[in-house]
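The values are calculated or read from the model by the stated rules, or taken from the named source; none is laboratory data. Quick caveat: nothing in here was measured; it's all calculated off a predicted structure. Every residue, glycine as well, gets a Cβ built from its backbone with ideal geometry; the counts of neighbours run over all protein chains shown. Protein only, heavy atoms only, side chains kept; ligands, DNA and RNA dropped before computing areas. Shrake-Rupley method; radii C 1.70, N 1.55, O 1.52, S 1.80 Å.
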Amino acid sequence: MVDTETLPKCREDFRMQNKSVFILGASGETGQVLLREILKENLFSNVTLIGRRKIEFEEEAYKHVRQEVVDFEKLDEYSSAFQGHDVGFCCLGTTRSKAGADGFVRVDRDYVLKSAELAKAGGCKHFNLLSSKGADKSSSFLYLQIKGEVEAKIEEFNFDRYTIFRPAVLLCDRKESRPGEWLARKFLGSLPTSWAKGHSVPVTTVVRAMLNNLIMPSEKKMELLDNQAIHNLGKAEDLNKL
């Protein structure tokens, strides 16, 4: 159970450490919200986005965000982008329907694993991975198989702290069309809240769980948060408002 009384102090203590963070996949739905909340909470002294293209921001809050544009097919040539960060968040991913089976594997496995390798070499202490409910390297379903493989391989890099988030269907208004997710959201929206909660989660809740977990000290080298744990941790401070 989360001690909601300690979260504000943990947050302030974390700010005082002046840490640096990088985000992979900041142009995606989860990455966008994560970046916004990190800046809103002023959690890091330095924030770096690592991606294949530069993101244009109009808001003043983003003016000090550093952006590293890399070629994911030649990541070894961009190792400097991964150096000097205390914390890393990986929200990188695509879909089989968008990139094809080979493209999906290349992005969700190869790019992610190489990025984690370079992050470890660059001094990253806490690596956070956005995975998926049902991730299992033995799964016959390619998506879940790749997610499971990645989880296991990154653990071998031996980060000081490694956190895996396994959300179910992400509830958000995607700019990118994903018919399967749209149908799932419609279906879940027609079900009782208690049942739907086990099979879906708002992106905002995932991000709050990520940041609440981040600021809380932990002696565990590897943490795995399933969908229920994400709901609990992401809604933790809301309990004080009841």
* Asked: In region 1-79, how does Rg compare with the Kirkwood Rh, expressed as the Rg/Rh ratio over alpha carbon atoms?
  -> 1.04
* Asked: Given a 1.4 Å probe and the protein chains all in place, what does the accessible area of Asp86 round to, in Å² to the nearest 10?
  -> 50
* To do: Kindly provide the helix-only [θ] at 222 nm of the chain, computed as the sum of -39,500 (n - 2.57) over DSSP H runs of four or more divided by all residues, to the nearest 500 deg cm²/dmol?
  => -11500 deg cm²/dmol
* Heavy-atom surface of the chain, accessible at 1.4 Å and reported per residue (Å²) -> 53
* Farthest toward the dipole's positive end in the chain, which of Val70, Cys90, Val201, given Cβ charges of +1 (Lys, Arg) and -1 (Asp, Glu) about the Cα centre? -> Val201
* **Accessible-area value, Lys98, 1.4 Å probe, nucleic acids and ligands omitted, Å²** => 130
* Structure fact -> For His199 the rounded accessible area (nearest 10 Å², probe 1.4 Å, non-protein molecules ignored) is 70
* State which stretch of the chain is the longest one without any exposed GluC sites (Glu not before Pro), exposure meaning a DSSP loop state and at most 14 other Cβ atoms within 10 Å. => 60-155
* About the Cα centre, charge dipole magnitude for the chain (Lys/Arg +1, Asp/Glu -1 at Cβ), debye -> 460
* Relative contact order of region 1-148: what whole-number percent is it, with Cα pairs under 8 angstrom and at least 6 residues apart? -> 21
